[in-house]
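Working notes, beginning with the structure itself.
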Amino acid sequence: MDSEHVGRDTLGLSVAAEVMSKKDASLLGRLTVVITTSPVRSNPSTAMMEDLFRSFENHCPELAVCDKVIVCDGYNVVENNPKYRNGQVTDTTAQAYEGFCERLVKLVDPLEASACTPGKAGSDSDNQLKPLFRETDPWQRTRVVRMQHRVGFSHAVKAALDEHVHTEFVIVIQHDLAFVRRVHLGPLLHILGTFPDEVKYITLPGKKHLGVQHHILSKYKIRVQPTCRFGIGLVPVIYWYDKTHVCRTEFYRQFVYHGGSGVPIPIGQFTEHVLGAAERVDIAKHGMEIAHGKYGTYQVEDLQGLPMIEHMNGRRYYTKEQRVAMGWPDERPKTHKHGGKGQGPATVFDNGEPTAFENGE
């Protein structure tokens with residue numbers, strides 16, 4: 001188809017994370033990265049995807065050795081008024097998306113541009129793992145998979161899990177959510193593997209979800225307590241977010257897509273809108289002690305009040321022609337990073353143009 005608190009390091013992780021990260025430093029053969037993409041106004045530019053991969057290199061360089069699958073969703077053509085979130089594009093924007101896909105494949109492997117031809121979802125015939133680049137190149141071990149038809153975020157992830165993910169763990173990343181701080185994934189995999197009946201899903205905090213326990217109490221009158229008993233600070237959450245998250249692959253397949261949750265996800269939907277909403281209702285009705293264990297959803301706790309991921313503003317990635325049409329300079333202003341690797345970007349504009357990262361997700 002088609003809370004207890006202990007001393008933490010600068011990432012909001014417990015001191016124990018340092019020990020675990022050394023123990024589980026290598027992600028080779030253990031973790032697959034699934035990245036979803038779909039038509040956006042900035043097509044055919046690949047700048048946003050390049051910035052995403054640059055964030056891998058700057059803030060989670062261990063991902064270089066991981067297999068990475070970029071799933072390009074399909075689309076439906078309409079005469080006018082495209083609705084990108086629903087996969088509806090015009091002929092012109094469809095051509096721009098096709099151009100994006102062609103450029104993307106050339107980024108992955110210039111010798112295999114033909115791999116971008118749409119094919120049956122799950123087919124590896126034109127999308128084999130690419131040869132190694134330099135040792136730390138984030139684009140190595142990357143493949144591009146095209147969907148024949150528009151299936152939406154959730155089923156794009158399903159296509160990757162069903163046919164292209166062969167590791168014990170998977171991290172799911174949307175094309176516009178970049179890392180902005182140093183992230184150690186080894187400790188998260190250690191927790192998922194050591195406490196599989198308790199911790200089943202771990203998401204990273206963005207701006208919108210810092211202090212998530214206070215939001216849950218204020219809006220839903222449900223009290224959740226951060227805990228360090230798994231080795232690092234985690235907060236139980238009552239919602240399956242689509243933002244960057246890590247799971248055991250088999251749990252993901254069985255729970256989300258093969259009946260384990262009891263909540264079928266229709267084609268075209270986001271997982272959070274269906275399963276996330278159902279989890280929140282279930283917990284509100286039956287309470288955390290009874291209902292939360294079924295989902296095992298947690299978020300990394302960060303006492304610094306700083307996000308680990310941020311939403312990239314798609315308007316910043318308009319093509320030169322689009323920028324001129326908007327009355328902006330034809331070249332993008334440079335993003336000025338402070339503090340080097342491991343620090344978030346700081347971008348300032350004086351002309352009213354959107355910054356690289358929006359306030360929120």
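The values are calculated or read from the model by the stated rules, or taken from the named source; none is laboratory data. Because the structure is a prediction, the values reported are computed rather than measured. Cβ sites come from the backbone with ideal geometry, for glycine too, and all protein chains shown count toward neighbours. Heavy atoms of the whole protein, side chains included, go into the accessibility calculation; ligands, DNA and RNA do not. Shrake-Rupley method; radii C 1.70, N 1.55, O 1.52, S 1.80 Å.
Based on what the data block shows, is Y295 touching an Asp or Glu at 6+ places or on another chain (Cβ under 6 Å), closer than 21 Å to T194 by Cβ and not charged (D, E, K, R)?
Details: touching an Asp or Glu at 6+ places or on another chain (Cβ under 6 Å): yes; closer than 21 Å to T194 by Cβ: yes; not charged (D, E, K, R): yes.
Answer is yes for this residue.
What residue, of K337, K320, K294, is of a type outside the set (A, V, I, L, M) and either modelled with pLDDT of 85 or more or touching a Ser or Thr at 6+ places or on another chain (Cβ under 8 Å) (or both)?
On the way: K337 fails: either modelled with pLDDT of 85 or more or touching a Ser or Thr at 6+ places or on another chain (Cβ under 8 Å) (or both); K320 fails: either modelled with pLDDT of 85 or more or touching a Ser or Thr at 6+ places or on another chain (Cβ under 8 Å) (or both).
That would be K294, the only listed residue that is of a type outside the set (A, V, I, L, M) and either modelled with pLDDT of 85 or more or touching a Ser or Thr at 6+ places or on another chain (Cβ under 8 Å) (or both).
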- Message: Looking at region 178-197, can you tell me whether even one residue there is over 18 Å from the mean Cα position of the chain (by Cα) and closer than 18 Å to E279 by Cα?
- Response: yes
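Could you list, in sequence order, the residues of region 64-83 that are farther than 16 Å from M147 by Cα and either touching a helix residue (DSSP H, G or I) at 6+ places or on another chain (Cβ under 9 Å) or at pLDDT 90 or above (or both)?
Taking region 64-83 as the starting set, the residues that turn out to be farther than 16 Å from M147 by Cα are 64-68, 78-83.
A64, V65, C66, D67, K68, V78, E79, P82 - these are the residues of region 64-83 that are farther than 16 Å from M147 by Cα and either touching a helix residue (DSSP H, G or I) at 6+ places or on another chain (Cβ under 9 Å) or at pLDDT 90 or above (or both).
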- Only listed residue being of a type in the set (A, V, I, L, M, F, W, C) and either at pLDDT below 95 or more than 24 Å from L161 (Cα to Cα) (or both), chosen from I265, I232: I232
- Here the residues within region 241-264 that are touching a Lys or Arg at 6+ places or on another chain (Cβ under 9 Å) and closer than 22 Å to K207 by Cα are K243, C247
- Note on the structure: Contact list, first residue from region 250-277 and within 20 Å of Y220 (Cβ to Cβ), second anywhere and open to solvent by 60 Å² or more (accessible area, probe 1.4 Å) and outside any helix (DSSP H, G or I), beta-carbon distance below 9 Å, six or more apart or interchain, is V274/P264; V274/P266
- region 230-247 residues that are under 15 Å from K158 (Cα atoms), paired with ones that are surrounded by 21 or more Cβ atoms within 10 Å (Cβ to Cβ) and among the aromatic types (F, W, Y) (beta carbon under 8 Å, 6 or more apart): D242/F153; H245/Y201; V246/F169; V246/Y201; C247/F169; C247/Y201
